[in-house]
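The values are calculated or read from the model by the stated rules, or taken from the named source; none is laboratory data. Quick caveat: nothing in here was measured; it's all calculated off a predicted structure. All Cβ positions, even for glycine, are placed from backbone atoms using ideal geometry, and neighbour counts span all protein chains on display. With ligands, DNA and RNA removed, areas are computed over all heavy atoms of the protein, side chains included. Shrake-Rupley method; radii C 1.70, N 1.55, O 1.52, S 1.80 Å.
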Amino acid sequence: MKMKKMLVILLCVAMIFTLAACQTQESKAEYKVGNYTASATGKNGPIKIETMFAKDKIESIKIIEHKETEGYADGALESIPSKIVSEQTLAIDTVSGATFTSNAILEAVEDCIVQAGGDVAALKVEKKESVTTKVEEVDYDVVVVGAGAAGTSAALAASEKSDKVLLLEKTANPMGAGTLAGGMFAAESSLQKKAGKTVSKEWLYEEYMKSSSGYMNSVLVRKIIDESSETVNWLIKNGMELNLIDAGVGLSYENVGRPATLHGYNEGGTVAITKLIKKFEDNKGTTMFATPATELIKDDSGKITGVVATKEDGSKLKINAKAVVIATGGFGGNIEMLKEQIGNKYTQGQVASSTGDGIKMAWSAGADEYGSQATHYFAQTFTPEEFGALIESAGEGFYSLTDFTLYPHLRVNTLGQRFSDETTATKFGIHGAQVHMQPNQTEYIILDTSILKKIAKEGYASVEEHYSAFKNNQNFYMEFNEPVDTDKLIEKEQAPTDYIPLLKSAEGTGVVFSGNDLEELAKKMGVNANTFTANVEQYNKAIESGKDNLFFSDTKRLVPLEKGPYYAVKFVARNLSTLGGVGINEKIEAIDGDGVAIPGLYVAGADAGGMYGLSYVDVEGGTLGFAYTSGRLAGENAASYINK
């Protein structure tokens, strides 16, 4: 008996010491009091932060400098520092769609903690949280999944007929291709009529037909074109500022002189979509950010009756609804889906948060797979790893290397072969597809010293003037939330610019290579020297003779290679987003394999297939035009459906 009593006492003492140890561990944080600064590389460059420490805690974290994309990075820039301070931990989940930004902030804070003498390892230990099985249940008329251009317009349109509309978004703030895009297409809009630049619906339809070679839902395309002008008017009525933009302003020189289809954002995509959300909420609509939908709810008859979502605290939310609109922006950020649908020749999309959630939910509900191989290619870019290397080696000005992609310099692939008509390089949908078809989706742009010296002395306008049509005809809009101003573009193109120091600083990054002669350049590029020199010779002879027997180029525009040292700059295809996945009809209803509508389910924007063949149509504003118009129609039709 005494022995048992002694064991109980010893156990109690042990528990007391254990509790004391836990308390010590909980409160053992110790820092050197003061402010510390550090920086780490985000998506677009260094992110500099300042962290203030008290003796026993992280007092505050401030973002001092950054060059991250407005709208996309906002959630990470705001929430990551806030969570670190409030929870006193580095075990923080990255913000969906802003992974590079999130990781850079965490890395910089970690640096500050080391400087302050803190225990980084202890702060990375995840705190155990109690698991809740509680499911909250709510009722709405219409639920819209995704707060990009298509989803926001769907929610707003539905809210004009119902005050019980819910808009769900998995990211912490408005995101999606709609926040990055420059504008939307329309035919016979009020802005076009006012400017005397009306675009024919027939012409626009023929452009879609040519681009798709018939691999499109022609009834859907006609419906979207017919409704596009009403969408422009509706958006303007709801506070969006749009400017009619002449073709070719947005870097695509080959489009100069074509009909003016683009209705450009005057304030940028993030501001535009944020305004629509505010209007939606003014209509008594409810918005929930950081609340991803995970599955559709379907009754025994096959009718969609709601969605299940996950709240920010990890608990489940069952949302009963009479209709659901899916608009999650495609699957460009989902590497596994890209491999499955497109194959090994894929490029990850610009919008990392677009991971196909809505498409997979619709497929699970019986929707037909349609258009899942279509992608939206744009001007060439670098891999994420190359971005980091270029920033470190060449500094923030490294992105000027992409200037070369806009002019008709020689292009070769990783075999050293010329593979396209260089004069069509700014037909981004077409040239992007051509790069996609090359090994590793890679091209090299070849430059010689004579042309670089000419640009350094006379500006790029001495090679080719892209903006002369806009002299005394200023066009302005916002793309990627940055101003596009023809007056500034003319000024830049005419300004003498010496690219040689930038090229030299970027050598060693795996992006820029140089050689005193073509053979040395080929060796550094890792391409076959015989193939490469033969292709350069063919290219130069085409310029000399005035006849390109290979790709029938306008040889007067091609840029010759005459004098070493020579430079090569490596680029990869740039995929803005995927352009399909779920079959829909002209009412924007999801359809099954027999073309029959799934009751209560609508799919809009990049989740929906049928507007394209395999590549983007060569009409400015196509993707955003489809997003806003299909979203508006989905919202209107969903609201009408529930009131039947």
Among the residues of the range 108-115, is any surrounded by fewer than 15 Cβ atoms within 10 Å (Cβ to Cβ) and touching a helix residue (DSSP H, G or I) at 6+ places or on another chain (Cβ under 8 Å)? yes
Based on this model, can you work out whether Val271 counts as of a type in the set (A, V, I, L, M, F, W, C) and either open to solvent by 60 Å² or more (accessible area, probe 1.4 Å) or touching a helix residue (DSSP H, G or I) at 6+ places or on another chain (Cβ under 8 Å) (or both)? no
For the range 228-325, which strands (runs of 3 or more DSSP E) that fit wholly inside it have 3 or more residues that are over 15 Å from Ala155 (Cα atoms)? 242-245, 262-265, 293-298, 304-310
For Asp313, the lone unmet condition from (1) surrounded by fewer than 23 Cβ atoms within 10 Å (Cβ to Cβ); (2) at pLDDT 95 or above is (2)
Among the residues of the range 588-644, write down those that are acidic (Asp, Glu) and within 28 Å of the chain's Cα centre (by Cα). Glu589, Asp607, Asp618, Glu620, Glu636
Determine, yes or no, whether Thr402 is touching a strand residue (DSSP E or B) at 6+ places or on another chain (Cβ under 8 Å), part of a helix (DSSP H, G or I), open to solvent by 10 Å² or more (accessible area, probe 1.4 Å) and among the polar types (S, T, N, Q). yes
Just need a number here: residues in the range 299-310 that are surrounded by fewer than 19 Cβ atoms within 10 Å (Cβ to Cβ) and not hydroxyl-bearing (Ser, Thr, Tyr). 5
Going through the range 588-623 one residue at a time, which ones are out of contact with any strand residue (DSSP E or B) (no Cβ under 7 Å at 6 or more places or on another chain) and either of a type in the set (Gly, Ala, Ser) or open to solvent by 10 Å² or more (accessible area, probe 1.4 Å) (or both)? Gly593, Asp594, Gly595, Val596, Gly605, Tyr612, Gly613, Leu614, Asp618
Report whether or not Ala374 is modelled with pLDDT of 90 or more and open to solvent by less than 30 Å² (accessible area, probe 1.4 Å). yes
Log entry, pairs with first residue in the range 24-51 being at positive phi and modelled with pLDDT of 80 or more, second being part of a loop (DSSP other than H, G, I, E, B) and open to solvent by less than 40 Å² (accessible area, probe 1.4 Å), beta carbons closer than 8 Å, six or more apart or on different chains, reads Gly34/Ala116
Which numbered condition Asn472 misses (of (1) over 23 Å from the mean Cα position of the chain (by Cα); (2) polar (S, T, N, Q); (3) at negative phi): (3)
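The rows are residues; the columns are (1) within 16 Å of Leu167 (Cβ to Cβ); (2) within 24 Å of the chain's Cα centre (by Cα).
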site	(1), (2)
Thr261	no, yes
Glu267	no, yes
Lys284	yes, no
Thr291	yes, yes
Thr294	no, yes
Ile319	yes, no
Ala323	yes, no
Phe331	no, yes
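Listed here are the residues, each with its yes/no results for (1) basic (Lys, Arg); (2) touching a residue at least 24 places away in the same chain (Cβ under 8 Å); (3) assigned to a strand (DSSP E or B); (4) open to solvent by less than 10 Å² (accessible area, probe 1.4 Å).
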position: Leu521; (1), (2), (3), (4): no, yes, no, yes
position: Gln538; (1), (2), (3), (4): no, yes, no, no
position: Glu544; (1), (2), (3), (4): no, no, no, no
position: Lys547; (1), (2), (3), (4): yes, no, no, no
position: Phe551; (1), (2), (3), (4): no, yes, no, no
position: Glu562; (1), (2), (3), (4): no, yes, no, no
position: Val569; (1), (2), (3), (4): no, yes, yes, yes
Please note which helices (runs of 4 or more DSSP H) are completely contained in the range 419-498 and include at least 1 residues that are without any contact (Cβ under 8 Å) to a residue 40 or more places away in the chain and out of contact with any Ser or Thr (no Cβ under 7 Å at 6 or more places or on another chain). 449-458, 486-494
Of all residues in the range 624-644, which are buried (at least 24 other Cβ atoms within 10 Å of the Cβ) and β-branched (Val, Ile, Thr)? Thr629
Single match in Ile445, Ile451 (criterion: β-branched (Val, Ile, Thr), open to solvent by less than 10 Å² (accessible area, probe 1.4 Å) and closer than 19 Å to Lys541 by Cα): Ile445
Answer yes or no: is there a residue in the range 213-233 that is more than 15 Å from Gly625 (Cα to Cα), in contact with a Ser or Thr (Cβ under 8 Å, 6 or more places away or on another chain) and among the β-branched types (Val, Ile, Thr). no
